[in-house]
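Chemist: To start, I am sharing the structure in question, which I have written as C-alpha cells.
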C-alpha cells in the first residue's frame, strides 16, 4: 500500500465509455479510489452496489467515486448498466495503475497461486494527497467505513 500523507500518483485510464479519465481532472475534490478484482463477481458486485447505495451521501460531500479493475472497457460498461452504477469505473488491463498503487499481489485460491488485485481503497484529498489507505477491505462495509471517515474529515 502507498502511505498516507504522500502524493497520489497521477494516471490516465479509459472509463466505461472509452473516454480518458485522469486523476488530476479531479483536483480540488476528494476522490475515493477503490481497486477491485473483477466485474460481476459476488464480492465485487456487493462492493459496487454498496458504493451505489451511498452515492448520494458522497455527492453531498462533493466526493468523486472511482473503481478500478483490470476488466475491459466493455466489461465495465455492461457491469455499470446491469447494476445502474452512478460512478466512474476505469479499465487497467495492463495493471499499470494497479501496480503503481501497490495493490497487485500474489494470492492463493484452492491451493493455486496467482497474481491478482487485493481489494483496496484510497481516499485522496483536494490537493492530491492520500489521506486514507486500506487493504483487504470488506466489500459490503468498505463504502460505509469510507463515508464515516469522510464525514468526520468534513467536520
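Chemist: With the contact rule set at Cα under 8 Å and sequence spacing of 6 or more, what percent relative contact order holds for the stretch 12-154? All intermediate terms of the calculation are to be shown ahead of the outcome.
Modeler: On the way: 259 pairs, mean separation 44.2, N = 143.
31 percent.
Chemist: Moving on to the next point. Out of all DSSP beta bridges with both ends in the chain, state the antiparallel percent to the nearest 5. All intermediate terms of the calculation are to be shown ahead of the outcome.
Modeler: Values: 22 of 32 bridges.
Bridges in the chain are about 70 percent antiparallel.
Chemist: Roughly speaking, what is the stretch gain from residue 107 to residue 74, that is 0.36 nm per residue apart minus the C-alpha to C-alpha distance, in nm to one decimal? Don't skip to the answer; put the middle values down first.
Modeler: Values: separation 33, 0.36 × 33 = 11.88 nm, distance 2.57 nm.
Between residue 107 and residue 74, full extension yields 9.3 nm more.
Chemist: Then there's this: Find how many whole Å separate the alpha carbon centroid of the stretch 7-53 from the alpha carbon centroid of the stretch 54-78.
Modeler: 5 Å
Chemist: Moving on. Given a Förster distance of 25 angstrom, what is the FRET efficiency for residue 1 paired with residue 94, based on the Cβ-Cβ distance and rounded to 0.05?
Modeler: Result of the calculation: an efficiency of 0.75.
Chemist: Something else: Per DSSP helix of 4 or more residues, -39500 (n - 2.57); summed, then divided by the residues of the chain. What does that give at 222 nm, rounded to the nearest 500?
Modeler: -9500 deg cm²/dmol
Chemist: Could you check the simple spin-label distance between residue 38 and residue 129, using points 7 Å along Cα→Cβ, in nm with one decimal?
Modeler: Rounded to a tenth, the inter-label distance reads 3.9 nm.
Chemist: How much length is gained if the chain between residue 140 and residue 20 is pulled fully straight, taking 0.36 nm per residue apart and subtracting their Cα-Cα distance, in nm to one decimal? Each step should come with its number before you reach the end.
Modeler: Details: separation 120, 0.36 × 120 = 43.20 nm, distance 2.85 nm.
Taking residue 140 through residue 20 to full extension adds about 40.4 nm, to one decimal.
Chemist: Can you give the relative contact order of the stretch 1-90 as a percent, counting alpha carbon pairs under 8 Å and 6+ residues apart? Mind showing how you got there, number by number?
Modeler: Values: 112 pairs, mean separation 31.9, N = 90.
Contact order relative to length: 35 percent.
Chemist: What translational diffusion coefficient, to the nearest whole µm²/s, does the stretch 48-102 have by Stokes-Einstein, given a Kirkwood radius computed over alpha-carbon pairs, a temperature of 4 °C and 1.567 mPa s viscosity? Kindly include the intermediate steps, with their values, before the conclusion.
Modeler: Working: Rh = 12.0 Å.
D, rounded to a whole number, is 108 µm²/s.
Chemist: Whole-Å semi-axes of the stretch 12-154's equivalent ellipsoid, largest first, each the root of 5 times a Cα gyration tensor eigenvalue? Don't skip to the answer; put the middle values down first.
Modeler: Details: eigenvalues 97, 57, 50 Å².
Output for the stretch 12-154: semi-axes of 22, 17, 16 Å.
A short reminder: the numbers here are calculations on the coordinates, not readings from a lab. Here the structure is a predicted model, which is why all the values come from computation and not from measurement. Reconstructed Cβ throughout: ideal geometry from the backbone, glycine too, with neighbour counts over all protein chains shown.
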